[in-house]
Every structure is written in C-alpha cells, then in structure tokens.
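Please treat every number below as a calculation from the coordinates, not as lab data. Values in this document were obtained by computation on a predicted structure and should not be read as measured data. Because the Cβ atoms are built from the backbone with ideal geometry, glycine has one as well, and the counts that use them run over all protein chains shown.
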C-alpha cells in the first residue's frame with residue numbers, strides 16, 4: 001500500500017523568509033508537504049517513496065481562479081498525479097503489487113485517467129469519493145448505488161472519539177462496477193471503476209458512519225469489499241507520520257534564514273519519523289527479533305542500566321520489544337496494565353533520551 005496525503009507546515013510570527021509562502025493568513029508563512037509512504041498490508045512502514053514540498057506565492061494558492069479553465073498541471077491537485085506517476089516508475093522495478101490510497105481531495109478525474117494511461121500492470125488506486133459522478137446508462141454514481149439492495153450487512157465497533165464512547169454500528173455494503181463519464185468540460189475518456197459504499201443503518205444523525213470509495217480493485221463479493229475498506233482504514237499510518245514529524249521532530253519550531261534550509265530539515269526529519277514508526281511496529285508486532293537489528297550493544301546496555309539503576313548490563317542480548325519497553329518508559333509511558341501500548345510519539349521522546357544515555361555509557365565503559 002502507498003499512502004499519500006498533504007499537510008501544512010506553519011512557521012508563525014517570523015520575519016519574511018525567502019522560500020516560504022503565505023498560509024492561512026498573510027501573517028503566517030510555511031510550506032506544504034506531500035509524501036507518499038509505502039506500507040505492507042500488515043502496517044509495516046517500508047519507506048518514503050516520494051516527497052514533495054512547495055510554497056504558495058499568494059494566499060489560498062490558485063483556488064481563487066476558475067479551476068475549469070486551468071490545466072491540471074497548473075493546479076496544486078497535480079500533486080496526486082505526480083505521486084501516482086512516481087509509484088508507477090517504482091513499480092516497474094518491482095514484482096510486488098501496489099495500491100495508491102488517498103483521501104477525498106484526490107477525487108479528481110485526471111487521476112483516474114492516469115490509471116488508464118499507465119497501461120497493463122498499473123498500480124491500483126483507492127480513492128475516498130468526494131463527488132457524485134455521472135455514469136453510463138443515466139444517473140449518478142452514489143445515488144445509483146443507494147438504489148441497490150445491500151450485498152451484505154454486518155456489525156462493527158466504532159472506536160471512542162473526542163469524549164464519545166465506543167459503540168456498535170450496523171453497516172450495509174453495496175458495490176458495483178460502473179463506467180464513470182468524463183466531466184463535460186474535460187475531453188477525456190470514460191473510465192470503468194469499482195464503486196463501494198459502506199453505510200450505517202439507523203445510526204445517530206450527528207455521527208452516522210458512511211464511506212464511499214472509488215477504486216480499480218475488482219469487488220466480486222463482500223469479502224472483497226471488506227478488504228478494500230481495510231486498505232482504506234490503513235490511512236491512519238500517514239496521520240501518525242505527520243504527528244511524529246510535527247510533535248516529535250518539532251519541525252515547525254526550527255529556525256533558518258532560507259526556505260531551502262527548512263526543506264532540508266524537513267526531509268531529514270521525515271526519514272527520522274519513518275524510522276521511529278518502523279521501530280515501533282517491529283517491536284510491537286514481530287516477537288523474537290533481537291535488539292541488534294536496530295541498536296548497537298552500547299545503546300541497549302546503557303538503556304538497561306538506566307532503567308534498572310545498575311552498573312552491570314546483562315550478557316545476553318535482549319529482544320527488541322524489551323528494549324522498546326525500556327525506551328517507552330524513558331518517553332513517559334507508565335506501563336500499567338490498563339495502558340495502551342506505547343505509540344511512535346512516546347518512542348520518539350524516549351529515543352531522544354536514549355541517545356544521550358547510550359553515548360555516555362560508551363564513554364564510561366571505554367577501555
């Protein structure tokens with residue numbers, strides 16, 4: 001899976017900096033960051049496949065202009081197409097199967113057209129819908145799907161969110177292969193897509209669960225539909241990446257004189273954020289890995305001595321998950337029975353302390 005999304009990076013209350021652009025007001029400067037990050041279907045972050053950064057020249061970018069008269073290459077929306085093209089080039093060198101997963105902002109017809117242009121063995125794409133689209137035979141995509149009988153009904157648990165308790169939700173699945181018609185003002189080919197809706201039955205009006213997805217992955221039955229939904233739900237991975245980048249690496253607190261210096265700092269911090277995520281996942285989900293897969297001996301020995309307040313580290317190399325539990329404690333994790341496993345942000349904070357501890361242990365034990 002290749003997850004793609006955009007985040008805004010603000011540098012508030014500064015003198016004007018060359019290379020930064022206006023953000024939500026003329027007083028805030030910043031950059032836009034658009035990464036594409038590869039994950040396995042199990043959620044292992046494999047690496048950053050593509051990373052784009054740019055600044056706007058005017059407040060709001062080109063949104064004030066008539067989008068219908070602009071070429072897609074002149075819009076910020078081209079970032080989604082560029083990300084998919086980068087994936088296509090990468091996929092040519094690999095035997096693996098890829099799925100390009102994006103949120104509503106990527107629901108643009110030109111992106112779907114890229115799948116057709118890419119030809120045989122093109123990476124699939126999975127886009128959360130943002131628009132009703134006209135279909136062959138009359139009508140519009142999502143309105144048409146609502147006229148179909150549910151293909152499957154099942155129950156899910158909606159997790160607790162913003163003070164609201166977790167609850168059970170009854171979900172109806174509908175899916176169909178549709179031929180999407182090109183918008184009238186765009187001279188493009190019609191495209192076959194597999195459309196899927198997951199709609200809650202009798203849910204609370206203020207919090208009803210509804211998901212509409214356009215994708216190129218064939219959906220023949222309810223199991224295929226659930227698999228597509230599970231792919232989309234994996235998008236949380238890129239949100240975690242942004243959180244580690246901003247709250248862990250604190251990239252919005254950096255201070256430089258030129259925009260290129262900010263970009264270089266963001267690029268390095270992005271690699272750090274990915275590594276922290278990968279480390280967290282490996283320790284939590286793959287038991288039996290040894291600490292040496294990620295740490296030098298002086299690093300885990302120093303952490304052990306700090307946590308257990310002893311000058312003598314063990315002779316036997318510990319497992320990676322044990323070392324991560326020690327690092328999590330350095331990051332503030334209390335490790336109570338009722339506590340959730342430590343997340344990447346906690347691991348990041350612990351690592352910042354662990355680096356200094358390991359370095360001091362190496363100096364103090366130097367022959």
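Compute the helix-to-body angle for 109-118: its Cα long axis versus the longest principal axis of the chain, expressed 0 to 90° and rounded to tens. Long axis of 109-118 versus the principal axis of the chain: about 80 degrees. The alpha carbons of the chain give a radius of gyration and a Dmax of 23.8, 81 Å, in that order.
Working ranking of peptides 94-102, 165-173 by packing, defined as the average number of other Cβ atoms within 10 Å per residue, highest first, is 94-102, 165-173.
Pop the C-beta distance of residue 356 and residue 286 into the FRET formula with R0 = 25 Å and round what comes out to the nearest 0.05.
Details: r = 27 Å, r/R0 = 1.10.
Efficiency computed from Cβ-Cβ geometry: 0.35.
Please say if the stretch 219-353 is rounded, prolate or oblate, where rounded means a/c under 1.5 for a ≥ b ≥ c the square roots of the C-alpha gyration tensor eigenvalues, and otherwise the choice is prolate for a/b larger than b/c and oblate otherwise?
Working: a/c = 2.20, a/b = 1.18, b/c = 1.86.
Oblate.
Computed extension gain for residue 121 through residue 221, at 0.36 nm per residue and net of the alpha carbon distance, reaches 33.8 nm. The antiparallel fraction among DSSP beta bridges confined to the stretch 36-176 stands at about 75%.
Stretched out fully, how many nm does the piece from residue 153 to residue 58 gain, at 0.36 nm a residue minus the Cα gap? Numbers along the way, then the final one.
Details: separation 95, 0.36 × 95 = 34.20 nm, distance 4.82 nm.
My answer for the length gained is 29.4 nm.
Between residue 268 and residue 366, the C-beta separation translates, for a Förster distance of 25 Å, into a calculated FRET efficiency of about 0.30.
So if R0 is 35 Å, what FRET efficiency would residue 261 and residue 293 give, r being the distance between their Cβ atoms, rounded to the nearest 0.05? Don't skip to the end; give the middle numbers.
Details: r = 33 Å, r/R0 = 0.96.
FRET efficiency, residue 261 to residue 293: 0.55.
The distance between label points at residue 134 and residue 253 comes to 5.4 nm (points 7 Å beyond Cα on the Cα→Cβ vector). With both labels modelled 7 Å from their Cα along Cα-to-Cβ, the residue 95 to residue 308 distance reads 4.4 nm.
Length gained on full extension, residue 165 to residue 105: 18.7 nm, using 0.36 nm per residue less the C-alpha separation.
Listed from fewest to most Cβ neighbours within 10 Å, the set 174, 160 follows the order 160, 174. Along its three principal directions, the equivalent ellipsoid of the stretch 95-185 from the Cα gyration tensor extends over semi-axes of 28, 20, 14 Å, largest first. Between the helical axis of 297-308 and the longest alpha-carbon principal axis of the chain there is an angle of about 80 degrees.
Sort out for me the Cα centre separation of the stretch 214-268 from the stretch 70-149, rounded to whole Å. Centre-to-centre (Cα) distance: 18 Å.
Rg and Dmax of the stretch 1-132, both derived from C-alpha coordinates alone, stand at 16.4, 51 Å.
The angle between the Cα long axis of helix 344-364 and the main principal axis of the chain comes to about 30°, on a 0 to 90 degree scale.
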